[in-house]
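Novice: Supplied in structure tokens, the structure appears directly below.
The values are calculated or read from the model by the stated rules, or taken from the named source; none is laboratory data. What you see is a predicted model, and the numbers here were worked out from it, not measured in a lab. Cβ atoms come from the backbone with ideal geometry, glycine included; neighbour counts cover every protein chain shown. In case anyone asks, the SASA skips ligands and DNA or RNA and just uses the protein heavy atoms, side chains included. Shrake-Rupley method; radii C 1.70, N 1.55, O 1.52, S 1.80 Å.
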Amino acid sequence: MSLTAILINMLPIFLLIGVWIFFMKKMGKASPAVTTQLDCMTAQLEETRRMNQTLERIAVALEERRGA
């Protein structure tokens with residue numbers, strides 16, 4: 001088989017990969033909703049961490065009280 005025949009046979013695969021890359025880039029650029037959702041999830045994660053720290057401090061204080 002010649003190189004030309006191999007490239008012609010691979011053309012549909014390259015085309016599919018190109019279309020997939022095109023749509024991935026397009027979705028990445030025009031998605032402010034995804035960015036907003038990520039910001040919201042980040043804020044929720046920070047709040048959860050803050051709450052866990054507070055609960056840990058409360059648990060330590062209760063243990064100290066119980067032990068004293």
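Novice: Round to the nearest 10 and report in Å² the accessible area of THR54, as given by a 1.4 Å probe over the protein chains' heavy atoms.
Specialist: Spelled out: THR54, probe radius 1.4 Å, area about 60 Å².
Novice: Between MET27 and MET51, how many nm apart are label points set 7 Å from Cα along the C-beta direction?
Specialist: Output for this residue pair reads 3.0 nm.
Novice: Additional query: Round to the nearest 10 and give me the degree value, 0 to 90, for the angle of helix 3-29's Cα axis relative to the longest principal axis of the chain.
Specialist: Compared with the principal axis, the helix lies near 40 degrees.
Novice: Just to be sure I understand, if you calculate Cα Rg over 2.2 N^0.38 Å for this structure, which of (1) 2.48; (2) 1.09; (3) 1.91 do you get?
Specialist: (1)
Novice: Next question. Ignoring ligands and nucleic acids, what accessible area does MET27 show with a 1.4 Å probe (Å², nearest 10)?
Specialist: Roll a 1.4 Å probe over it and MET27 shows about 120 Å².
Novice: Report, in deg cm²/dmol and to the nearest 500, the calculated mean residue ellipticity at 222 nm for the chain, where each DSSP H run with n ≥ 4 adds -39500 (n - 2.57) and the sum is divided by the residue count.
Specialist: Numbers: 2 runs with 63 residues, N = 68.
The helix contribution divided over the chain gives -33500 deg cm²/dmol.
Novice: For ARG65, ARG57, ARG50, what's the largest-to-smallest order of accessible area, 1.4 Å probe? Could you put the intermediate results ahead of the total?
Specialist: Values: ARG65 185, ARG57 155, ARG50 125 Å².
Ranking ARG65, ARG57, ARG50 by accessible area, largest first, yields ARG65, ARG57, ARG50.
Novice: How much length is gained on full extension from ASP39 to LEU11, taking 0.36 nm per residue of separation minus their Cα-Cα distance?
Specialist: On the way: separation 28, 0.36 × 28 = 10.08 nm, distance 4.03 nm.
Taking 0.36 nm per residue and subtracting the Cα distance, the gain is 6.1 nm.
Novice: In whole percent, and with a 1.4 Å probe on the protein chains, what portion of the accessible area of the chain is carbon and sulfur?
Specialist: On the way: 4570 of 6630 Å².
It is 69 percent, rounded to a whole number.
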